[in-house]
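Take a look at the structure below.
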Amino acid sequence: MNRHLISAADLSRDDALLILDTAEELAQMADRPIRKLPTLRGRTVVNLFYEDSTRTRISFEAAAKRLSADVINFSAKGSSVAKGESLKDTALTLEAMGADAVVIRHSASGAPHRLAGWVRGSVVNAGDGAHEHPTQALLDAFTMRRRLGRLEGLRVAIVGDVLHSRVARSNVRLLRTLGAEVMLVAPPTLLPVAVGGWPCEVSYDLDAALPKADVVMMLRVQQERMNAAYFPTVREYSRRYGLDSRRMALLPEHAIVMHPGPMNRGVEIAADVADSVRSTIVEQVSNGVSVRMAVLYLLLGGSEAQR
Amino acid sequence: MTDWSGPWPAEQDQPPWLIRGARLLGGAAADLLLAGGLIAEAGSAAAGPAAAGSLPAGAQVLDATGLIALPGLVDLHTHLREPGREDAETVETGTAAAALGGFTAVHAMANTDPVADTAGVVEQIWRLGRRAGRCDVRPVGAVTTGLAGSRLAELGAMADSAARVRVFSDDGRCVSDAVLMRRALEYVKAFDGVIAQHAQEPRLTDGAQVNEGEMSGRLGLAGWPAVAEEAIIARDCLLAAHVGSALHVCHVSTAGSVEIIRWAKSKGWRVTAEVTPHHLLLTDDLVADYDPVYKVNPPLRTAADVAALRAGLADGTIDCVATDHAPHPVEAKETEWQVAAFGMTGLETALRAVQEAMVETGLLDWAGVADRMSVRPAVIGRLDGVGAELHGCPLVTGSPANLVLYDPAARDVVDPAAHASRSRNSPFAGMTLPGRVVATFLRGTPTVLNGKLAR
């Protein structure tokens, strides 16, 4: 495996399967009375969060702590970043503190690439702008495999704001690596102009896509898109691209409904769909901890073993 | 006020120089005798001034065997950053970089702080250039006050000032208001001015970071679509035709823009255009690692665009190469892509990059390079008429002695740390490029000798 996890494209098929298999083993631990392993004792993991993301930060924090790592949470609010410290200076500070891994969430696409050039430790991308969110894709794949038993040949529809979605980019790359077939479904305004070159199918018609899907993954509609003429009104978006119970009924019997959260209930997903038995939304959260444990374990524990 | 219309006194007193055996425009070897700020004699090596035994007393001799002599290069698009951002560049360091790149005249863009939108500011910049003495600094005046795009700056006052401004541009920003653009084009007809447009439809490029296409989609960076450039160019060509004025298009970057300009020229309209060395040589593949040294506006485009730009420059659709030399301090680039500054340095690598893109590929010969980097930009900048600041002249007896001696056989890795520019943001860092500027003469006075600053 690479030293860093910045893009889902960094992962070979074997790397990705190793992470998923390791996560599976670590998930068993969640059922034990003591949910802690000594693997990363004495190692320091910094959560460097430039964007509010309680769920991702807590997930990484829990993952690191269950592996006995020391965790430092560094959020842009209330830190020197608010006073205008550059990413590079922050990186040098973390380096001086001896961070073995830096988990970074940043609104700027490519920020983890830059960080990786300035620190010696491993960089884990916890979401950068509209670029990637590889651990989300890993936990999504993990969830699909648990529910449906396989990834090879699985047909996955990803629906919504692909243009601005790091979750979509990471999923397209990872699912392709793992042998699944992806179809992106969105209004044309929310697809990149060169999406034709991506390794997936593209459709503007959600109703037509659903009967063939084993998985439908709904993307969040960001508030700022709602007023930027990407679509006429939220109601129209919801009618054409929202998943309600009528549309859910178009899915095959075994199909599951996913959402990376946080949801806009009533916009991209109806409340009864989100709460239905097909929904994996809550499982995705708990699976996230196992997958992130596996990532930290393999990036840090692995390198320790090699020394 | 001093009358600068005649030859410059300092240059009158310079000792003569005899340049031996330079290949004029890459052709036959000849000797050049520079005296009194002029090319006093130009002849074939056999019958040249040296053979004639007419070498004046005190003349210095430069053996230029194997070197190409070109008229001093003229840059229509330079950011000297002074006043306001002296941490990035000053007139002193920027003109040093220009001389080392073979330039004898640069047009200093107006987006300084304060903006060059009044006679006072353009005269200040012009005087700083004269004081530095390394190349002629021709201030570009802002089209609109403060570059704000709402009302015309006092274009006439800048034209009538000591700086004799003829090129006006809001570069960095587009004059997007069609009425304002029309008025600007019309107004400058009174003093033979030209509006140099930074063609970028602002609404189509809100927050834009990289060329919109495969890379923007892959990297999750906001796209800068070709149509945002092409739509403005098309509109401006039509406006220029309608009012019978002169439009110059800055840093053309797309294949579609070349087609539109070719069409406008076919109509006989007064449209000229420039392309940067980086758009002739680099593509948007380079942004894959988010290194902001490749962040520039307009953005690096695709290989198909590069091919069309080269073809357009070769066939004359694009009139000239202009550097868009845009120095930035280290901290403006050592950051996340999206907050990094747009721009690349270019003065010290321009001729080498053009050799790589155009000469090595057989698209232009050296006479063509002289045309695109000296003759035509001098015409567009109105430096081909009268007065002391005369550029783009042929290398013949009686021309001002503005020239560059260039070794096309040299080859070296570009090292920005060695540049005279105060900034280091060269996109060619680490690339091997052909060529070396050996000497530059401004009105007979060497500004560069043996590849180093001479003054």
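Laboratory data are not the source of any read-out in this text; all were calculated from the coordinates shown. Being a predicted model, the structure only gives us computed values, none of them experimental. A quick note on method: Cβ atoms are made from the backbone with ideal geometry, for glycine too, and the neighbour counts reach across all protein chains shown.
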Q. Which residue, A:Val182, A:Val71, A:Val234, has the most motion in a Gaussian network model of chain A that connects Cα atoms within less than 10 Å?
A. A:Val234
Q: Taking the Cβ of B:Val61 as the centre, find all other residues whose Cβ is under 13 Å away and add up their charges (Lys, Arg: +1; Asp, Glu: -1).
A: -1
Q: Out of all DSSP beta bridges with both ends in the protein assembly as shown, state the antiparallel percent to the nearest 5.
A: 35
Q) Taking the C-alpha atoms of chain A, how large are the radius of gyration and the largest Cα-Cα span, Dmax, in Å? A) 19.2, 57
Q | Estimated inter-spin distance, B:Ala303 and A:Glu236, nm [label 7 Å along Cα→Cβ] | A | 4.0
Q. Using the alpha carbon gyration tensor of region B:71-380, what are the three equivalent-ellipsoid semi-axes (square root of 5 times each eigenvalue), largest first, in whole Å?
A. 25, 22, 21
Q. How many percent of DSSP beta bridges within chain A run antiparallel, rounded to 5?
A. 5
Q: Would you pull out the residues with amide H under 5 Å of B:Asn297's amide H, same chain only if 5 or more places away, H placed 1.01 Å from N?
A: B:Gly343
Q. So for region B:71-380: antiparallel DSSP bridges make up what percent, rounded to the nearest 5?
A. 5
Q. How many nm is it between the label spots at A:Lys212 and B:Arg131, if each spot is 7 Å from the Cα in line with the beta carbon?
A. 7.1
**Q.** Karplus 3J(HN,Hα) series, Hz, for region B:75-89 with 6.51 cos²θ - 1.76 cosθ + 1.60 (x for Gly, Pro)
**A.** 9, 7, 8, 10, 9, 8, 6, 9, x, x, 10, 5, 6, 8, 6
Q: Would you calculate, for the protein assembly as shown, the mean residue ellipticity at 222 nm contributed by helices, counting each DSSP H stretch of 4 or more residues as -39,500 (n - 2.57) and dividing by all residues, to the nearest 500?
A: -8500 deg cm²/dmol
**Q.** Cβ-defined net charge surrounding A:Leu154, 13 Å radius [Lys, Arg +1; Asp, Glu -1]
**A.** +3
Q) Which residues' amide hydrogens lie under 5 Å from the amide hydrogen of A:Ser203, considering only partners 5 or more residues apart or on another chain, with H built in the peptide plane? A) A:Leu184, A:Val185, A:Ala186
Q: Please identify, among A:Met29, A:Met183, A:Met258, the residue showing maximal mean-square fluctuation in a Gaussian network model of chain A using a 10 angstrom Cα cutoff.
A: A:Met29
(Q) Relative contact order for chain A: what percent, with Cα pairs under 8 Å and sequence separation of 6 or more? (A) 20
Q) What does the convex hull of the Cα atoms of the protein assembly as shown come to per residue, in Å³, rounded to a whole number? A) 171
Q) Given region B:70-127, what whole percent of its Cα pairs are spread farther than 20 Å? A) 21
Q. Considering only B:Leu449, A:Ser286, A:Gly110, whose Cα is most displaced toward the positive end of the charge dipole of the protein assembly as shown, charges sitting on Cβ of Lys, Arg (+1) and Asp, Glu (-1)?
A. A:Ser286
Q: Please turn the phi angles of region B:351-368 into ³J(HN,Hα) values with the Karplus equation 6.51 cos²θ - 1.76 cosθ + 1.60 (θ = phi - 60°), one per residue in order, whole Hz, x for glycine and proline.
A: 5, 5, 5, 5, 4, 4, 7, 10, 8, 4, 8, x, 7, 9, 8, 5, 5, x
Q) With chain A treated as a Gaussian network of Cα nodes joined by springs under 10 Å, which of A:Glu51, A:Glu61, A:Glu253 yields the largest mean-square fluctuation? A) A:Glu253
Q. What residues qualify as long-range amide H neighbours of B:Arg436, i.e. H under 5 Å apart, gap of 5 or more or another chain, H built at 1.01 Å from N?
A. B:Asp407, B:Ala410
Q) What's the long-distance tail for region A:134-281, i.e. % of Cα pairs beyond 21 Å? A) 36
Q) Can you list, bin by bin at 10 Å, the percent of alpha carbon pairs in region B:133-269, starting at 0? A) 12, 39, 31, 15, 3, 0
Q. What average number of partner chain Cβ atoms lie no more than 10 Å from the Cβ of the residues making up A:103-112?
A. 5
Q: Only Cα pairs under 8 Å and at least 6 apart count here; give the relative contact order of chain B as a rounded whole percent.
A: 19
Q) Which ³J(HN,Hα) values, rounded to whole Hz and listed in residue order, are derived for region A:215-220 from phi using the Karplus coefficients 6.51, -1.76 and 1.60 in 6.51 cos²θ - 1.76 cosθ + 1.60 with θ = phi - 60°, glycine and proline given as x? A) 9, 10, 10, 8, 9, 6
